[in-house]
Amino acid sequence: MLQAPGGAVGSSTRMRCMYMFNRQGVCLHYHVWLRPVSVLSRQEDQKLMFGLLFSLKLFTAKMDPVGGSKGQLGAAQLQGQGCSFHSFQTNTYKLSFMETPTGLKIVLVTDSKMSDLREALKYIYSNIYVEYVVKNPLYTPDTPFKCELFNQNLDNYVKTLS
Amino acid sequence: MPPNSRPGDAVFASVDRVNAELFTLTYGAIVRQLLTDFEEVDEVNKQLDTMGYNIGIRLIDDFLAKANITRCSDFRETAETIVKVGFKMFLGVTGTVANWNTDNTECSLILDDNPLVDFVELPETCQGLYYCNILCGVIRGALEMVSMRTEVKFVKDVLRGDDVFEIRLKLLEQVPEEYPYKDDE
């Protein structure tokens, strides 16, 4: 798959890709730094990723031994209800996840040795997404965006992560 | 949230300011233009609400980002957060929450002071106008983005001779998060 415009690869070799989903499961943004292997079409890939996050979130909340609620596995939850996972790791990559109360899901895929990215995800939401996308009066909320300022700032920011 | 702290103050101190007259006059110009375009005050009320809604669905993200709030445990806390943090952050004033109904789904947000109405006096021709109706739309839009469907309307307005501004906030439904795709799609 092609690299992101702006070509930040090299300076941030630990980053792989990023997804942003709204609550309807629409992929608002997909950003690739390094992803030579991709077996599915982009659309299928995004849908699968959203499905994984959605199920994993319900699953983790249901398995909560202390704060968990009764009821069926997979039953609909209110926004913010139950606990949530923030990352999982395989031997080749790490996936970090954050969800805001508005239902925006941000996913960062990095190499497996990446440190905790919770603060970084919060930063990307508060200081990059909200500033350069949401506040743009000409952006229609809840639609996929291509925003040069967002890309630039994101690329610059991820260079600082380790 | 501890009841005695003033949670809005810290956020308020950290946000950018604009000149108050510019803000008030800009809002006035919008209302003025709507009155010219739509002529009927009821229609203007509706337009202000819609404009507010469109602001609210964006503003909520800015609010969450700056105020660093992750979730409210119940609707009571939501209402408190709106008047103590939200109003402070965007209007520079705080209000109070009062008049809860018995099942905690309906309350009044009371504002003594409201920077939108500085310099404003309702003329005879605009008697049905809710001059600040945009606020209702903002609250409705913002809450909808955090999965709460609400009904928001003014019941008291200083410009109409009441002693305070009172916004009635009614929770209609909390929308659960459901998987948006069908299995066979």
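For the reader, a short list of remarks on this structure follows.
- Every test in (1) touching a Phe, Trp or Tyr at 6+ places or on another chain (Cβ under 8 Å); (2) among the hydroxyl-bearing types (Ser, Thr, Tyr); (3) exposed (fewer than 13 other Cβ atoms within 10 Å of the Cβ) is passed by A:THR92 save one, and that test is (1).
- Looking across the range A:31-54 at every residue that is more than 12 Å from chain B (Cβ to nearest Cβ) and touching a Lys or Arg at 6+ places or on another chain (Cβ under 7 Å), the one that is least open to solvent (accessible area, probe 1.4 Å) is identified as A:TRP33.
- Residue in the range A:108-123 that is in contact (Cβ under 8 Å) with a residue 40 or more places away in the chain, in contact with an Asp or Glu (Cβ under 7 Å, 6 or more places away or on another chain) and crowded, with 20+ Cβ neighbours inside 10 Å present: no
- Within the range A:95-107, being within 14 Å of chain B (Cβ to nearest Cβ) and either surrounded by 21 or more Cβ atoms within 10 Å (Cβ to Cβ) or of a type in the set (Asp, Glu) (or both) holds for A:GLU99, A:THR100, A:THR102, A:LEU104, A:LYS105, A:ILE106.
- Among the residues of the range B:128-143, just one is open to solvent by 40 Å² or more (accessible area, probe 1.4 Å) and out of contact with any Gly (no Cβ under 9 Å at 6 or more places or on another chain), namely B:TYR130.
- Some residue of the range B:144-159 being open to solvent by 50 Å² or more (accessible area, probe 1.4 Å), under 18 Å from B:THR96 (Cα atoms), more than 14 Å from chain A (Cβ to nearest Cβ) and in a helix (DSSP H, G or I): yes
- B:THR125 meets each of the listed conditions (1) away from chain A (no Cβ under 14 Å); (2) in contact (Cβ under 8 Å) with a residue 60 or more places away in the chain; (3) in a helix (DSSP H, G or I); (4) open to solvent by 60 Å² or more (accessible area, probe 1.4 Å) apart from (2).
- Qualifying residue in the range A:77-88 (condition: farther than 19 Å from A:THR102 by Cα and at pLDDT 80 or above): yes
- Any hit, the range B:161-182, residues being open to solvent by less than 50 Å² (accessible area, probe 1.4 Å), in a helix (DSSP H, G or I) and more than 14 Å from every other protein chain (Cβ to nearest Cβ): no
- Top-ranked residue of the range B:31-76 - restricted to ones that are open to solvent by 80 Å² or more (accessible area, probe 1.4 Å) and not in a helix (DSSP H, G or I), ranked as modelled with the highest pLDDT: B:GLU40
The values are calculated or read from the model by the stated rules, or taken from the named source; none is laboratory data. Keep in mind that this is a model prediction, so the values were computed, not measured. Quick reminder, even Gly has a Cβ in these numbers, built from the backbone with ideal geometry, and neighbours come from all protein chains shown. For the accessible areas, the whole protein counts, side chains as well, though only heavy atoms, and no ligand, DNA or RNA atoms are used. Shrake-Rupley method; radii C 1.70, N 1.55, O 1.52, S 1.80 Å.
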